[in-house]
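**Q** Got a structure here, written out as structure tokens. Questions coming.
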Amino acid sequence: MANPLPKEYYKQLEEIQAADFVVHELILYLDTHPTDQQALSQYNQFAQYSKQLKRAFEAQFGPLQQGSPNPSSSVWTWNSTPWPWQV
Amino acid sequence: MWVYEKKLQYPVKVSTCNPTLAKYLMEQYGGADGELAAALRYMNQRYTIPDKVIGLLNDIATEEFSHLEMIATMIYKLTKDATPQQLREAGLAEHYVSHDSALFYNNAAGVPFTAAYIQAKGDPIADLYEDIAAEEKARATYQWIIDMSDDPDLNDSLRFLREREIIHSQRFREAVEIVKDDRGQKKIF
């Protein structure tokens, strides 16, 4: 990692981690409470929200997920640092 | 299959280079009640568990792999700047002569991981009770590590992981009730 990461990187990443935590908690809850209407609607709401946050992050800092579009037409960016243990 | 996401489940920050703390954390990396054992245990049990609780085992197993990555990140960050002298003082000389600064699936005492740490009995009640016990043992281990740690940044991440063990234990207890209810219904037919 040549350059220190901007503050904005950490801020946006933490927002994604928070949103995905809600999504994951609801997944485990719904696995044992599959007919809870309120949880179902919260799940759909946060799944959508997480997707929006990830799209914005990826446009600025490169792909988060395998299968996300490569932002450059000349170089493969998935393999670029930082990896999660480097931030 | 799995799709990798280039982020940790929860941020991991460490205050200082601290190989002693890294040594303790190896208990949760390659130990009997660690994250590798948890992930492999649930992933393997899901094939023969009743349909109604497969999803839970699948999803908790997947989360355990993200915890394994968080523990690895902690060990990596706590040791990456350590000198051989510092590693020796931390009791990691034996680790160093075999692995340099590479991570390895050992417990805190240097014993390598073995599949004998996990169980698969095929009986859903036996397997789910094993899973509840595993979560409670992992929760207790996190507490003992927090008690030994003086790194406030690291403790924040360790508290997150400790709380996750509680959630998993509670969900597995619900799964036991689901399996029992399901069995009861089948008897009627």
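**Q** Name the GluC sites (Glu not before Pro) in the range B:118-161 that are in a loop by DSSP and that have at most 15 other C-beta atoms within 10 Å, would you?
**A** When the GluC sites (Glu not before Pro) of the range B:118-161 are filtered for loop state and at most 15 Cβ neighbours within 10 Å, nothing remains.
**Q** Here's another thing I want to ask about it. Counting heavy atoms of the protein chains only and a 1.4 Å probe, report the per residue accessible area for the range A:5-58 as a whole number of Å².
**A** Using a 1.4 Å probe on heavy atoms only, each residue of the range A:5-58 averages 59 Å².
**Q** Now, a different point. Which shape class applies to the protein assembly as shown: rounded if a/c is under 1.5, otherwise prolate when a/b exceeds b/c and oblate if not, where a ≥ b ≥ c are the square roots of the Cα gyration tensor eigenvalues?
**A** Taking the square roots of the gyration eigenvalues as a ≥ b ≥ c, the protein assembly as shown is oblate.
**Q** Within a Cβ distance under 9 Å of A:Leu28, other residues only, what is the Lys/Arg minus Asp/Glu net charge?
**A** Summing Lys/Arg as +1 and Asp/Glu as -1 gives -3.
**Q** Return the lysines within reach of B:Lys6: Cα separation strictly under 20 angstrom, same-chain partners fewer than 8 residues apart disregarded; answer none if there are no such residues.
**A** Of all the lysines, those that pass the test against B:Lys6 - Cα under 20 Å, at least 8 places apart if same chain - are A:Lys7, A:Lys11, A:Lys51, A:Lys54, B:Lys77.
**Q** Summing +1 for each Lys or Arg and -1 for each Asp or Glu, what net charge is found among the other residues whose Cβ lies under 15 Å from the Cβ of B:Glu163?
**A** Net charge in that neighbourhood comes out at -3.
**Q** Could you order A:Ser73, B:Ser157, B:Ser98, B:Ser15 so the one with the most accessible surface comes first? Probe is 1.4 Å.
**A** Highest to lowest solvent-accessible surface, that is A:Ser73, B:Ser98, B:Ser15, B:Ser157.
**Q** Give, as a single signed number, the net charge of other residues whose beta carbon lies under 15 Å from the beta carbon of A:Pro63, with Lys and Arg counted +1 and Asp and Glu -1.
**A** +3
**Q** Could you name every residue in the range A:18-41 that has 10 Å² or more less accessible surface in the full protein assembly than in its own chain alone (probe 1.4 Å, ligands and nucleic acids excluded)?
**A** Buried on complex formation: A:Asp20, A:Phe21, A:His24, A:Glu25, A:Ile27, A:Leu28, A:Tyr29, A:Asp31, A:Thr32, A:His33.
**Q** To continue, here is another question. Taking loop as defined by DSSP and a crowding limit of 10 other beta carbons within 10 Å, which chymotrypsin sites (Phe, Trp or Tyr not before Pro) in the range B:30-83 fit?
**A** B:Tyr47
**Q** Rounded to the nearest 500 deg cm²/dmol, what is the calculated helix-only ellipticity per residue at 222 nm for chain B, with -39500 (n - 2.57) per DSSP H run of length n ≥ 4?
**A** That calculation yields -23000 deg cm²/dmol at 222 nm.
**Q** Once you sort the root eigenvalues of the Cα gyration tensor of chain B as a ≥ b ≥ c, which label holds: rounded (a/c under 1.5), prolate (a/b larger than b/c) or oblate (the other case)?
**A** prolate
**Q** Just to be sure I understand: if you take the accessible area of chain B alone plus chain A alone and subtract the pair, with a 1.4 Å probe, what total do you get in Å², rounded to 100?
**A** Counting both chains, the buried surface is close to 2300 Å².
**Q** Continuing with the same structure: Report the gain in length on full extension from B:Glu136 to B:Phe65: 0.36 nm times residue separation, minus Cα-Cα distance, nm rounded to one decimal.
**A** Once the chain is fully extended between B:Glu136 and B:Phe65, it gains 23.8 nm.
**Q** Per residue, how much accessible area does the range B:15-146 have with a 1.4 Å probe, in Å²?
**A** 43
**Q** Below 8 Å between Cα atoms, with a sequence gap of 6+, how large is the relative contact order for chain A in percent?
**A** Relative contact order here is 29 percent.
**Q** Over the range B:80-172, what is the relative contact order in whole percent, taking alpha-carbon pairs under 8 Å and six or more residues apart?
**A** 23
**Q** Compute the acute angle (0 to 90°) between the alpha-carbon long axis of helix B:19-30 and the principal axis of greatest extent of the alpha-carbon atoms of chain B; round to the nearest 10°.
**A** Orientation of helix B:19-30: about 20 degrees from the principal axis.
**Q** Now, a different point. How far is helix A:37-61 tilted off the main Cα axis of chain A, in degrees rounded to 10, range 0 to 90?
**A** 0
**Q** Now for a separate question. Return one number: the angle in degrees, 0 to 90 and rounded to the nearest 10, between the long axis of the Cα atoms of helix A:7-32 and the longest principal axis of the Cα atoms of chain A.
**A** Helix A:7-32 sits roughly 30 degrees off the main axis of chain A.
**Q** Give me the residues in the range B:146-189 whose solvent-accessible area, probe 1.4 Å, is reduced by at least 50 Å² once all protein chains are included instead of the chain isolated.
**A** Buried by the other chains: B:Arg164, B:Arg171.
**Q** Continuing with this model, one more query. In whole percent, how big is the carbon plus sulfur part of the accessible area of the range B:19-183, probe 1.4 Å, protein atoms only?
**A** 54
**Q** Tell me, what % of the accessible area of chain A is carbon and sulfur with a 1.4 angstrom probe?
**A** 53
The values are calculated or read from the model by the stated rules, or taken from the named source; none is laboratory data. As the structure is a computational prediction, the values presented were derived from the model and not from experiment. Ideal geometry is used to build each Cβ from the backbone, glycine not excepted, and the neighbour counts take in all protein chains shown. For accessibility, only protein heavy atoms count, side chains too; no ligands or nucleic acids. Shrake-Rupley method; radii C 1.70, N 1.55, O 1.52, S 1.80 Å.
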